[in-house]
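Contents: one structure, followed by commentary.
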Amino acid sequence: MKKETIFATVFGILAGAIVGGFVLFSTSQKTEKMTVTQVDEKPNVSTQSARIVAAQKQLDIKSPQTDTISNKNSVKIEGVAPKNSFIIAQSPNREVTGNFENGDFSLDFPLVIGENSIEISAYSGNSIPQQKSIKIFYIPE
Amino acid sequence: MKTIFFLIFLFLNLFFPVSAQDNASDSAVTKDDAVEKIKKIAENAVDDESRNKVYVGYVFDIKDDELVLVGESGEKITVSLFITDFYQIGATKMTEIKKENIKKNDYIFVRGPQLGDTITANAVYKDTAYFFIAGKIATIDKANFSIDLVTFDKRQVAIDIETSTKQNMFNIKSKKSDKTGFSKLKEGDSVHVVVKGISDLIDEDRYTASRLYVVPNEFFLQ
């Protein structure tokens, strides 16, 4: 076999390997970028679901999340509810009520030391409420 | 032959090395960014969990160095007690207690990081459990100071009202809450009841109200 033929074969293999490696590398980069983008977009998904919940007029507590710790002696409970809801937030120590016309609600709720189980009931249009429960743990620093 | 070698040399050393370097630096930046982002997300998740997440339930079993907690969904969680402080939650303050004060069926909540199936507890808090019952008053037993309730999930339960039961009612005229008493309760009123205890450990249809909130039936007829 001529030297030129051997060289051309080796060169062909090398060039193929380089091009193949380049293509594989570019593909893996794109996959990584897509993964990071998905992580970043998670909050948008929850925002969208909150809007869908509001549109469907279901009681939903946006904040605080249940089973969280607070070092303050009160908490602002925020969420969405059917329009024109009468809302009762009840704990073993207190009730806080309010009327909310536009579907969003916000209630300042006092906390006691330790566990604060809070049941939120939303009456709207009939005498059977929608209900959700959360637990907030007040531990002073 | 020399010309061919020269051309190949030129092709490999001038074109590919440059483009490979570019790709390498691009990929390094992209990978670093991705790793940093993932690290940050992971760190935040761990921080949030450590700082803000608690595990709550009742004590199923307690040994020297660990206890088993039954969570609210019935799941059993092992809690390691190597580096743990213990507290009793009171009405207005919490006091430090010893591990021996924690007994089976006590209601507790736990702070600490979770590794696998085990929580390494930094602190265990012994507290009082409450749960909620809500429904409409079906009948009122004035002789025994109790009410029969049809709950919103269609159960029938009896609620005993004691002198210590805190009772409030929504005033449909003032739109505020007023104190109320047993004599003002009416059939058809909606009531929200707070009961002391661990609902999983109470298997009955009669409860004692520690707190009661009434929405009069007239509210729904407006």
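The values are calculated or read from the model by the stated rules, or taken from the named source; none is laboratory data. Keep in mind that what you see is a predicted model, and the values were worked out from it rather than measured. Here the Cβ is made from the backbone with ideal geometry for all residues, glycine too, and neighbour counts use every protein chain on show.
Just need a number here: residues in region B:121-130 that are assigned to a strand (DSSP E or B), in contact with a Gly (Cβ under 8 Å, 6 or more places away or on another chain) and buried (at least 19 other Cβ atoms within 10 Å of the Cβ).
Going residue by residue through region B:121-130, those that are assigned to a strand (DSSP E or B) are B:123-126, B:130.
Filter again for in contact with a Gly (Cβ under 8 Å, 6 or more places away or on another chain), leaving B:123, B:125, B:130.
Filter once more, keeping what is buried (at least 19 other Cβ atoms within 10 Å of the Cβ): B:125, B:130.
The total comes to 2.
Criterion first (within 13 Å of chain B (Cβ to nearest Cβ), crowded, with 20+ Cβ neighbours inside 10 Å and touching a Phe, Trp or Tyr at 6+ places or on another chain (Cβ under 7 Å)) does residue A:87 satisfy it? Let's see the steps before the verdict.
Working: within 13 Å of chain B (Cβ to nearest Cβ): yes; crowded, with 20+ Cβ neighbours inside 10 Å: yes; touching a Phe, Trp or Tyr at 6+ places or on another chain (Cβ under 7 Å): yes.
Yes; evaluated as a whole, the condition is true for this residue.
Conditions first: (1) surrounded by fewer than 18 Cβ atoms within 10 Å (Cβ to Cβ); (2) closer than 20 Å to residue A:116 by Cα; (3) within 11 Å of chain A (Cβ to nearest Cβ). Residue B:217 passes all but one, so which condition is the exception?
(2)
Free of Cβ contacts under 8 Å to residues at least 40 places away in the same chain, farther than 24 Å from residue B:154 by Cβ and facing chain B (nearest Cβ under 7 Å): does that describe residue A:128? Give the steps one after another, and end with the answer.
Numbers: free of Cβ contacts under 8 Å to residues at least 40 places away in the same chain: yes; farther than 24 Å from residue B:154 by Cβ: no; facing chain B (nearest Cβ under 7 Å): yes.
So residue A:128 fails the test.
Residues that are at pLDDT 95 or above, under 23 Å from the mean Cα position of the chain (by Cα) and farther than 19 Å from residue B:195 by Cα: find the strands (runs of 3 or more DSSP E) completely inside region A:88-141 holding 1 or more of those. Break it down stepwise before answering.
Working: elements: A:95-100, A:104-110, A:114-123, A:130-138.
Passing ranges, in order: A:104-110, A:114-123, A:130-138.
Inside region B:73-101, can you point out the residues that are more than 14 Å from chain A (Cβ to nearest Cβ), loosely packed, with under 11 Cβ neighbours inside 10 Å and within 22 Å of residue A:141 (Cα to Cα)?
Filtering region B:73-101 for residues more than 14 Å from chain A (Cβ to nearest Cβ) gives B:74, B:76, B:78-84, B:98-101.
Narrowing further to those that are loosely packed, with under 11 Cβ neighbours inside 10 Å: B:74, B:82-83, B:98, B:100.
B:83, B:98, listed by residue number.
Could you check residue B:173 against (1) more than 27 Å from the chain's Cα centre (by Cα); (2) basic (Lys, Arg); (3) in a strand (DSSP E or B) and say which number it fails?
With (1) more than 27 Å from the chain's Cα centre (by Cα); (2) basic (Lys, Arg); (3) in a strand (DSSP E or B) applied to residue B:173, the lone miss is (3).
Quick one: residue B:144 ticks every box in (1) more than 27 Å from the chain's Cα centre (by Cα); (2) part of a strand (DSSP E or B) bar one, so which box is it?
Of (1) more than 27 Å from the chain's Cα centre (by Cα); (2) part of a strand (DSSP E or B), only one is false for residue B:144: (2).
Given the structure, is residue B:104 assigned to a strand (DSSP E or B) and surrounded by fewer than 17 Cβ atoms within 10 Å (Cβ to Cβ)? Don't jump to the end; show me each part of the working.
Numbers: assigned to a strand (DSSP E or B): no; surrounded by fewer than 17 Cβ atoms within 10 Å (Cβ to Cβ): yes.
No; evaluated as a whole, the condition is false for this residue.
For residue B:166, indicate whether it is part of a strand (DSSP E or B) and either surrounded by 14 or more Cβ atoms within 10 Å (Cβ to Cβ) or among the charged types (D, E, K, R) (or both).
yes
Mind listing just one residue for me: the one in region B:131-145 that is among the small types (Gly, Ala, Ser) and more than 30 Å from residue B:89 (Cβ to Cβ) and, of those, surrounded by the fewest Cβ atoms within 10 Å (Cβ to Cβ)? Show your work before the answer.
First pass over region B:131-145, keeping only residues among the small types (Gly, Ala, Ser): B:134-135, B:138, B:143.
Next, from what is left, pick out any that are more than 30 Å from residue B:89 (Cβ to Cβ): B:138, B:143.
Details: B:138: 14, B:143: 6.
Within region B:131-145, the match that is surrounded by the fewest Cβ atoms within 10 Å (Cβ to Cβ) is B:143.
Which is aromatic (Phe, Trp, Tyr) and out of contact with any helix residue (DSSP H, G or I) (no Cβ under 9 Å at 6 or more places or on another chain), of B:170, B:145, B:182?
Values: B:170 fails: out of contact with any helix residue (DSSP H, G or I) (no Cβ under 9 Å at 6 or more places or on another chain); B:145 fails: out of contact with any helix residue (DSSP H, G or I) (no Cβ under 9 Å at 6 or more places or on another chain).
The conditions single out B:182.
Being at pLDDT 95 or above, assigned to a strand (DSSP E or B), of a type in the set (Lys, Arg) and within 20 Å of residue B:177 (Cβ to Cβ), is that true of even one residue in region A:50-64?
Within region A:50-64, none of the residues are at pLDDT 95 or above, assigned to a strand (DSSP E or B), of a type in the set (Lys, Arg) and within 20 Å of residue B:177 (Cβ to Cβ).
Please find, within region B:196-214, the residue that is nearest to residue B:160 (Cα to Cα) out of those that are surrounded by fewer than 18 Cβ atoms within 10 Å (Cβ to Cβ) and among the β-branched types (Val, Ile, Thr).
Of region B:196-214, the ones surrounded by fewer than 18 Cβ atoms within 10 Å (Cβ to Cβ) are B:196-206, B:208.
Adding the requirement that they be among the β-branched types (Val, Ile, Thr) leaves B:198, B:202, B:208.
Values: B:198: 17, B:202: 15, B:208: 5 Å.
The extreme case among them is B:208.
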